[in-house]
1. ASP378 to GLN64: extension gain in nm, 0.36 nm per residue of separation minus the Cα-Cα distance?
2. Starting from the Cα-Cα distance between GLU358 and SER7, subtract it from 0.36 nm times their residue separation and give me the gain in nm to one decimal.
3. Give the peptides 397-406, 127-136 in descending order of average Cβ contacts within 10 Å, highest first.
4. Find the relative contact order for the chain and round it to a whole percent, using C-alpha pairs within less than 8 Å whose residues are 6+ positions apart.
5. Peptides 39-47, 244-252, 18-26: what's the order by average Cβ count within 10 Å, highest mean first?
6. Determine, for each peptide in 58-66, 262-270, the mean count of other beta carbons within 10 angstrom over its residues, then list the peptides with the highest first.
7. Of the residues SER191, SER56, SER294, which exhibits the maximal mean-square fluctuation in a Gaussian network model of the chain defined by a 10 Å Cα contact cut-off?
8. Which of rounded, prolate, oblate describes region 318-438, given a ≥ b ≥ c as roots of the alpha-carbon gyration tensor eigenvalues and a/c under 1.5 marking rounded, otherwise prolate only if a/b is larger than b/c?
Amino acid sequence: MIQVDLSGIPQVKLARKTYEELACKAYETLVEQKGAGGEFTGWLRLPACYDKGEFSRIQEAAAQIRKTSQALVVVGIGGSYLGSRAVIELLQGPDYNLQPKNTPDIFYVGNGLSSEAILHTIAALGDRDFSLNVISKSGSTTEPAIAFRLFRKLLQEQYGREADSRIYVTTDKEEGALKVLAQRRGYTTFSIPRDVGGRYSVLTAVGLLPVCACGVDISQLLEGAAQEMEALLSGSQGNPAVAYAAARQWLYSRGMTTEVLAAYEPGFSYMAQWWKQLFGESEGKGGGGIFPASVELTADLHSLGQYLQDGMRNLMETVVYFEKARRDVPIPYDQEDLDGLNYLASRPLSQVNRTAMEATKQAHIQGGVPVMEIQVPDISERSVGALLYFFQFACGISAYMAGVNPFDQPGVEAYKRNLFTMLGRPGYGPGIAGLPHF
Ligand code: PA5
């Protein structure tokens, strides 16, 4: 189970108790599904109550992709792709595509509008056999819709009539342009439950199909999430997600407006992207909300480290630490010791990494940055499933504490409206708002 260590927060009692009580109230609101957006809390019990038939179909489709394809192209943006990328990079390594393996390489498109990026992907894909998994809950998001058109055409050029059997669609059960297209062409289709929003959908077909195709054991992933779910749903007292939500909201009230998520694993970088979307879209509303940022340590100690230690004191830091290294490497002994490193010889690198974490944590606390630590047992399917669920749960509580709906994203619409107007989409007339007065 995920643990939280809050000893790196100053022991000032002022109003802290109130925040703990507020967090317990928010916990009730979340688990009873009676708060704003309660109709989108399908993810809450999903790890135990998922559609078993759909789950088997996901495993079959993943096996088919592995059999027929050297590459899988995932088309999606935001909640429709960050989760799968996060899980794959953490569990299979950020250099997954470069590794020798018997699972397909993975490419992500439709998460932007850069022609440069899409041409790079097409070049990297080369003449490999590939399948497409297009993921969009609404079925109408511009970025993935354009990429799907492009890659569908590529598939058709490469495979002719067989192309359709290489397309896997993950979308709403009933509605949307993608659903209509999938029905017309007879694509293999998976449904995103109505009551699960994009950024809470990693444990549905949205995340499960790509990660399964890349060799991740999705039964274990769900098992880990289910175990975490049981623990977190068993009450608010001594609940680490409640404690984390209470602490971050209390710190926010004390002027810590930015939360920096730090991990000591390069494979975590897309988990951090997923986390930023989860918290940013859930909480950044009504002129408020903690700004979610992230760093990769120790690399960023040599860039942003200066700011963390010494810059504006509006930061709180959350360290995600994996307690047990999956693999380790001892530091070699060198006869000459010209680099002066023999004092570390034969120590496992993971030990040095842990010491760096502890040393940095202490330095940041001394520098005036409160540090929360989230302890994850290891880098395994079970632990990653547990961590995903933990963050979703904590995010729901934290957003309710802040008095906002954790499950909508009204702010995302503004750019879309402007984009459609400027591109001349039918039905979108003139009328882009001018500059506001600051
Ligand atoms: O969390 C969300 O709901 C959003 O980030 C969506 O995932 C994102 O906008 C993509 O939407 P869609 O899946 O409808 O293409």
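1. Contour length minus the Cα-Cα distance gives 110.0 nm.
2. Working: separation 351, 0.36 × 351 = 126.36 nm, distance 1.24 nm.
Roughly 125.1 nm would be gained on extension.
3. Details: 397-406: 23.9, 127-136: 22.3.
For the peptides 397-406, 127-136, the packing ranking is 397-406, 127-136.
4. On the way: 730 pairs, mean separation 106.1, N = 438.
Computed value for the chain: 24 percent relative contact order.
5. Numbers: 39-47: 20.2, 244-252: 25.0, 18-26: 18.2.
With the highest mean Cβ count within 10 Å placed first, the list reads 244-252, 39-47, 18-26.
6. Values: 58-66: 18.6, 262-270: 20.9.
Ranking, from highest mean packing down: 262-270, 58-66.
7. Comparing SER191, SER56, SER294 in a Gaussian network model of the chain, the most mobile one is SER56.
8. Details: a/c = 2.68, a/b = 2.32, b/c = 1.16.
Here region 318-438 falls in the prolate category.
Read-outs throughout are calculated quantities, based only on the coordinates presented, and are distinct from any laboratory measurement. None of these values were measured; they are calculated from a predicted model. Note that each Cβ is placed from the backbone with ideal geometry, even for glycine, and that neighbours are counted across all protein chains shown.
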